[in-house]
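The values are calculated or read from the model by the stated rules, or taken from the named source; none is laboratory data. Predicted, not measured: the structure shown is a model, and the values here were computed from it. Backbone-built Cβ (ideal geometry, glycine too); neighbour counts: all protein chains shown.
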């Protein structure tokens with residue numbers, strides 16, 4: 001028997017069901033997955049595809065089993081054999097990743113397939129209209145033509161971070177929803193202005209841009225739906241560590257730290273994928289891993305119940321995880337190579353077993369979609385370049401059912417350029433939050449907590 005959704009989720013489903021294309025941009029933690037499933041039920045749709053990050057496929061299948069009012073055969077699309085089984089009608093709904101959707105795009109378009117619906121979860125994966133992934137799914141002009149969406153009778157998108165890094169990130173959504181016909185360049189010229197190193201909406205166009213988004217989406221906060229969760233207390237913590245390796249590395253690349261700071265400020269995130277920059281980030285994480293683990297160990301011994309730790313690099317995660325295990329602190333760890341079933345078990349263990357005190361997760365794997373509200377504390381040990389990704393990670397503990405006041409900390413290696421980077425991420429987050437009705441988080445750099453009701 002299907003679980004009942006909240007009234008506000010039913011209202012959201014009713015809104016989406018009336019539209020061929022639309023977006024559910026509800027604040028993170030309000031259950032957009034259940035809203036989308038109820039939308040499919042309202043329309044009595046059967047044949048469809050769900051595109052989501054790979055680590056959320058199992059979650060989607062579980063949510064269908066919990067909330068769907070009509071029986072559907074759900075297929076987890078991980079191999080071509082899964083696709084072929086779905087294609088031949090052995091399954092009704094294909095739940096697959098962005099990577100596999102791109103790989104199968106030409107098959108979907110040229111095999112005469114007709115979809116009753118397509119749901120795209122974590123829409124911000126398609127924020128760049130020039131990316132191959134976006135073109136294969138949305139088409140060359142992000143309007144659905146010549147992409148996977150051209151075979152879908154109805155399409156809905158879900159995200160709590162429409163603009164994770166830059167106001168321009170909303171362009172592909174507006175094209176998808178047929179809200180505008182402008183090219184990307186014309187859209188930038190009309191709605192945006194360059195101020196220093198940042199792109200900002202033209203003050204006189206903010207209202208128009210907000211209206212375009214609002215007319216094609218439903219975007220509600222907890223206050224809007226009468227479901228206020230306790231506040232998150234945002235803090236930052238400086239950690240001392242041995243920075244000699246970092247200084248030596250920077251000596252080999254004069255000006256690298258300043259170049260990274262400028263790239264973050266200007267939104268040049270592709271530059272930050274360079275191998276030498278990743279090496280520097282890894283060194284930063286390793287330098288603060290053990291000093292940080294010592295702090296967490298002391299906090300767990302003196303009253304801290306449970307904590308979620310989000311990191312980027314495997315070695316730093318392992319150092320923290322092993323340090324705690326060696327001191328009889330039960331910790332589970334999830335990273336990119338963790339098998340889906342083991343990942344699900346780790347989440348279940350942390351959520352249900354009081355003896356499991358620590359969840360160490362890799363940002364790209366558990367930073368979205370997972371519910372970890374057994375903890376009321378989360379540490380962003382290594383922050384993402386994108387402020388939106390950091391906000392997504394923090395909301396892992398801020399889900400429906402959370403009853404305690406929460407604390408989120410950004411962990412920074414003292415006396416390094418990480419301190420400057422943090423300030424830039426905060427500024428960019430605040431800029432986006434002014435336009436995006438989904439509130440984002442900003443972390444102060446002092447040692448005093450700032451209450452933020454999100």
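Elements of the type strands (runs of 3 or more DSSP E) sitting completely within the range 345-454 and holding at least 1 residues that are farther than 25 Å from residue 166 by Cα and at pLDDT 75 or above: these cover 358-362, 377-380, 406-413.
The condition of being under 23 Å from the mean Cα position of the chain (by Cα), more than 30 Å from residue 375 (Cβ to Cβ) and modelled with pLDDT of 90 or more holds for only one of 191, 176, that being 176. Candidates are the residues of the range 23-70 that are modelled with pLDDT of 95 or more and part of a strand (DSSP E or B); the one that is nearest to residue 173 (Cα to Cα) is 23. Pairs meeting the criteria (first residue in the range 172-196 and not assigned by TED's automatic domain parsing to the domain that holds residue 136, second residue surrounded by 16 or more Cβ atoms within 10 Å (Cβ to Cβ), beta carbons under 6 Å, at least 6 apart or on different chains) are lacking.
Residue by residue, here is whether (1) outside the structural domain of residue 416 (by TED's automatic domain parsing); (2) out of contact with any strand residue (DSSP E or B) (no Cβ under 6 Å at 6 or more places or on another chain); (3) modelled with pLDDT under 90 holds:
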| position | (1), (2), (3) |
| --- | --- |
| 218 | yes, no, no |
| 237 | no, no, yes |
| 253 | no, yes, no |
| 260 | no, yes, yes |
| 263 | no, yes, yes |
| 269 | no, yes, yes |
| 276 | no, yes, yes |
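Can you work out which of the residues in the range 161-200 that are touching a strand residue (DSSP E or B) at 6+ places or on another chain (Cβ under 9 Å) and part of a loop (DSSP other than H, G, I, E, B) is farthest from residue 392 (Cα to Cα)? Per the stated criteria, the residue is 178.
The residues of the range 44-59 that are farther than 15 Å from residue 3 by Cβ and either within 19 Å of the chain's Cα centre (by Cα) or surrounded by 19 or more Cβ atoms within 10 Å (Cβ to Cβ) (or both), listed by number, are 45, 48, 49, 50, 51, 52, 53, 54, 55, 56, 57, 58.
Every condition in (1) touching a strand residue (DSSP E or B) at 6+ places or on another chain (Cβ under 7 Å); (2) at pLDDT 90 or above; (3) over 24 Å from residue 317 (Cβ atoms) is met by residue 231 except one, and the failing one is (2).
List pairs: first in the range 366-386 and at positive phi, second modelled with pLDDT under 95 and assigned to a loop (DSSP other than H, G, I, E, B), Cβ under 8 Å, 6+ apart or cross-chain? If the second residue must be modelled with pLDDT under 95 and assigned to a loop (DSSP other than H, G, I, E, B), the pairs left are 369/53; 369/122.
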